[in-house]
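The values are calculated or read from the model by the stated rules, or taken from the named source; none is laboratory data. Because the structure is predicted, anything quoted here is derived from the model rather than measured. Note that each Cβ is placed from the backbone with ideal geometry, even for glycine, and that neighbours are counted across all protein chains shown.
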Amino acid sequence: MHQKDKVLILHGWGGSDAPHWQAELAAEIAKNYGTVSFPLLDNCHFPSRNRWIKQVKTILKSFNPDTVVCHSLANTLWFWLCEEEEMQTIKRLFMVSPPSLNTEEKTIKTFFPSPMPKSLYANEIQMIVSDDDPWVKLDEAQKIASHYNTTFTTLHKAGHINADSGYGKWDLIETLVMDKK
C-alpha cells in the first residue's frame, strides 16, 4: 500500500465488526496512517441490493478508493456495481469468500442470481476462498476467478473466512492489502 492509497472495505451480510478480519484490517491500516473507509452498509442484517448499490456508489464517488476489499456478499454487490454506468477503474480488488452466483437465501434474495459483469473495473484482482466454504463450491469460485484472470488463493478448511471460522487478525490479508514485503 502506498502512503496515498485509499482502501475501501466492504462487508457482507450482517457486517464485519470486531473481531472479524475486516475490522482488524481497517484498524491496522489506520494505525499505519493509511486512509481507510469501512462503512456500515444500510440495514446490514436485512440488506437491499438497490439500497447498497446506491450507498456504495455515493461512497465510491466521494472517497475514490485505490483498493477495494470485499468479503462475502460484498463481492456480489461489486458484481452488481460493475453493471452500473460510470464505474471508475480501481488499482486493486480483493475478493474474499464470494458466495455462489446462484445463492438461495431468502434474506438476501435481491442479490441473486448474480450477474457476471464484462469487467470488474480493477487493474489487479485477487480472490481468496476456502476449500470448505459453505456458501460456494471451490470449482465455481475457480471458474469465476479464471473468467476474470484473477490471482487465486485457496485456504484449507477455513470455512467462510470470517470471525466464526477463526479469522480475526489475519496476517495474509494485511500483508497483501498493505503491500508489506
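Which one of these does Pro99 not meet: (1) touching a helix residue (DSSP H, G or I) at 6+ places or on another chain (Cβ under 7 Å); (2) over 26 Å from Asp131 (Cβ atoms)?
With (1) touching a helix residue (DSSP H, G or I) at 6+ places or on another chain (Cβ under 7 Å); (2) over 26 Å from Asp131 (Cβ atoms) applied to Pro99, the lone miss is (2).
Please determine whether any residue of region 10-20 is in contact with a helix residue (DSSP H, G or I) (Cβ under 7 Å, 6 or more places away or on another chain), within 15 Å of Ser62 (Cβ to Cβ) and at pLDDT 95 or above.
Yes, region 10-20 contains at least one residue that is in contact with a helix residue (DSSP H, G or I) (Cβ under 7 Å, 6 or more places away or on another chain), within 15 Å of Ser62 (Cβ to Cβ) and at pLDDT 95 or above.
Residue by residue through region 157-181, note down the ones that are over 19 Å from Gly12 (Cα atoms) and crowded, with 20+ Cβ neighbours inside 10 Å.
Looking only at region 157-181, we keep the residues that are over 19 Å from Gly12 (Cα atoms), and these are 157, 171-172, 175-176, 178-181.
Within region 157-181, just Leu176 meets the criteria.
If I go through region 126-181 residue by residue, how many of them are within 15 Å of the chain's Cα centre (by Cα), farther than 24 Å from Ala30 by Cα and of a type in the set (A, V, I, L, M)?
5
For region 97-104, state whether one or more residues are within 18 Å of Val136 (Cα to Cα) and of a type in the set (Gly, Ala, Ser).
We begin by selecting, within region 97-104, every residue within 18 Å of Val136 (Cα to Cα); these are 97-104.
Now drop any that are not of a type in the set (Gly, Ala, Ser), which leaves 97, 100.
Yes - at least one qualifying residue is present in region 97-104.
Within the set of pairs 6+ apart or on separate chains, which have a first residue in region 139-161 that is at positive phi and in contact (Cβ under 8 Å) with a residue 12 or more places away in the chain, a second that is surrounded by 20 or more Cβ atoms within 10 Å (Cβ to Cβ) and assigned to a strand (DSSP E or B), and C-beta atoms under 8 Å apart?
Note: pairs meeting the criteria are Lys157/Ser130; Gly159/Ser130; Ile161/His71; Ile161/Val96; Ile161/Ile128; Ile161/Val129; Ile161/Ser130.
Could you tell me how many of the residues in region 105-156 are of a type in the set (Val, Ile, Thr), buried (at least 18 other Cβ atoms within 10 Å of the Cβ) and either in contact with a strand residue (DSSP E or B) (Cβ under 8 Å, 6 or more places away or on another chain) or within 19 Å of Val68 (Cβ to Cβ) (or both)?
Going through region 105-156, the residues of a type in the set (Val, Ile, Thr) turn out to be 107-108, 110, 125, 128-129, 136, 144, 150-151, 153-154.
Subset that is buried (at least 18 other Cβ atoms within 10 Å of the Cβ): 108, 125, 128-129, 136, 144, 150.
Subset that is either in contact with a strand residue (DSSP E or B) (Cβ under 8 Å, 6 or more places away or on another chain) or within 19 Å of Val68 (Cβ to Cβ) (or both): 125, 128-129, 136, 144, 150.
Total meeting the criteria: 6.
Of all the residues that make up region 130-181, how many are of a type outside the set (Gly, Ala, Ser) and under 26 Å from Asp5 (Cβ atoms)?
Of the residues in that region, 24 qualify.
Of everything in region 83-117, what is free of Cβ contacts under 8 Å to residues at least 12 places away in the same chain and of a type in the set (Lys, Arg)? Give them in sequence order.
Scanning region 83-117 gives Lys106, Lys109.
Condition first: touching a Ser or Thr at 6+ places or on another chain (Cβ under 9 Å), part of a helix (DSSP H, G or I) and not polar (S, T, N, Q). Now tell me which residues in region 134-175 satisfy that.
Narrowing region 134-175 to residues touching a Ser or Thr at 6+ places or on another chain (Cβ under 9 Å): 135-138, 140-142, 144-145, 148, 152, 154-163, 165, 172.
If we keep only those that are part of a helix (DSSP H, G or I) as well, we get 138, 140-142, 144-145, 163, 165, 172.
The answer is Leu138, Glu140, Ala141, Ile144, Ala145, Ala163, Leu172.
Of all residues in region 85-96, which are out of contact with any strand residue (DSSP E or B) (no Cβ under 6 Å at 6 or more places or on another chain) and either of a type in the set (S, T, N, Q) or closer than 25 Å to His156 by Cα (or both)?
Selection gives Gln88, Thr89.
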